[in-house]
Amino acid sequence: MHNSHIDELIKLLKPIWLKNKELTFLELLTLINKEAGSAQPLGNLSDEAIITYLQALQTKSNETVHLVDEVLELLAPYWIKNNELSLMALLALLQKQSGFSDTLDKLTDSVIIYHLKMDQTEEGEMIPGIKKDCEDDFQTALLKARGLI
């Protein structure tokens with residue numbers, strides 16, 4: 001086994017164990033074995049399987065961090081504009097303005113992000129999600145759509 005393999009495994013194990021600090025090391029490995037969907041006994045769990053599972057978990061964690069950052073980054077200017085409101089009152093206002101008809105606890109991150117992006121968009125300005133794909137030149141748009149540029 002190469003040292004880089006060992007280093008990678010240790011680097012990936014540390015943060016997951018810190019999040020589950022109430023577990024012993026073998027309990028953590030048992031949890032990883034179970035969550036990775038392995039039907040094999042713990043003793044047969046390979047380093048590669050552990051690394052693959054932890055890398056997927058890390059990727060999911062990075063996506064979550066990005067989502068959290070995006071919501072909070074968009075929320076700040078909206079809250080500053082409505083600084084007399086508590087956080088829950090602010091979210092209720094956002095729920096009402098976005099036309100979300102279900103209960104507040106069902107308000108999704110996607111609705112929050114979309115509404116906050118739209119709130120920061122000037123009247124008559126193109127919708128942010130469409131704006132990035134817009135081309136002034138039809139030929140350029142066609143070549144991009146075909147994947148040629």
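Read-outs: derived from the displayed coordinates by stated rules, not from any lab. Because the structure is a prediction, the values reported are computed rather than measured. Reconstructed Cβ throughout: ideal geometry from the backbone, glycine too, with neighbour counts over all protein chains shown.
Compute the separation of the alpha-carbon centres of the stretch 10-72 and the stretch 101-122 and state it in Å as a whole number.
Each part reduced to its Cα centre gives a spacing of 31 Å.
In nm, what is the difference between 0.36 nm times the number of residues separating E63 and A49 and their Cα-Cα distance?
2.9 nm
Could you give each residue of the stretch 52-59 its phi-based ³J(HN,Hα) in whole Hz, using Karplus coefficients 6.51, -1.76, 1.60 with θ = phi - 60°, and x for Gly or Pro?
With the stated coefficients, the stretch 52-59 comes to 4, 5, 5, 5, 5, 5, 5, 4 Hz.
With the contact rule set at Cα under 8 Å and sequence spacing of 6 or more, what percent relative contact order holds for the chain? Walk me through the intermediate numbers first.
Values: 55 pairs, mean separation 20.8, N = 149.
RCO, the chain: 14 percent.
From Cα coordinates alone, what are the radius of gyration and Dmax values for the chain in angstrom?
22.9, 62
Using modelled backbone amide H atoms (1.01 Å from N, in-plane), which distant-in-sequence or interchain residues come within less than 5 Å of F100's amide H?
Under 5 Å from the amide H of F100: no residue qualifies.
What's the tally of Lys pairs in the chain whose alpha-carbon atoms lie under 19 angstrom apart, where the two lysines are 8 or more places apart or on different chains?
Summing the qualifying lysine pairs gives 17.
Calculate one ³J(HN,Hα) per residue across the stretch 24-31 by plugging θ = phi - 60° into the Karplus curve 6.51 cos²θ - 1.76 cosθ + 1.60, and present them in order as whole Hz with x for glycine and proline.
6, 4, 5, 5, 4, 5, 5, 4
Of L75, L93, L23, which is the most mobile in a GNM of the chain whose springs link Cα atoms less than 10 angstrom apart?
L23
What list do you get for H115, H66 if you sort them by fewest beta carbons within 10 Å? Walk me through the intermediate numbers first.
Values: H115 19, H66 10.
If I rank by nearby Cβ atoms, fewest first, I get H66, H115.
Taking GluC sites (Glu not before Pro) as candidate sites, keep only those in a DSSP loop with at most 11 other Cβ atoms within 10 Å, then name the longest stretch of the chain containing none of them. Don't jump to the answer; show the numbers that get you there.
Details: sites that count: E22, E84, E122, E123, E125.
Answer - 23-83.
Per DSSP H run of n ≥ 4, the term is -39500 (n - 2.57); total these for the chain, divide by its residue number, and report the mean residue ellipticity at 222 nm rounded to 500 deg cm²/dmol.
Helices in the chain give a 222 nm mean residue ellipticity of -21000 deg cm²/dmol.
Figure the gain on full extension for Y114 and S86 (residue separation times 0.36 nm, minus the Cα-Cα span) and round it to one decimal in nm. Write out the running numbers ahead of the final one.
Working: separation 28, 0.36 × 28 = 10.08 nm, distance 2.08 nm.
Length difference between fully extended and current span is 8.0 nm.
Along the Cα→Cβ direction, 7 angstrom out, place labels at L104 and L148. What is the inter-label distance in nm?
5.4
How large is the convex hull of the Cα atoms of the stretch 1-67 per residue, expressed in Å³ as a whole number?
Cα convex hull per residue, to the nearest whole number: 90 Å³.
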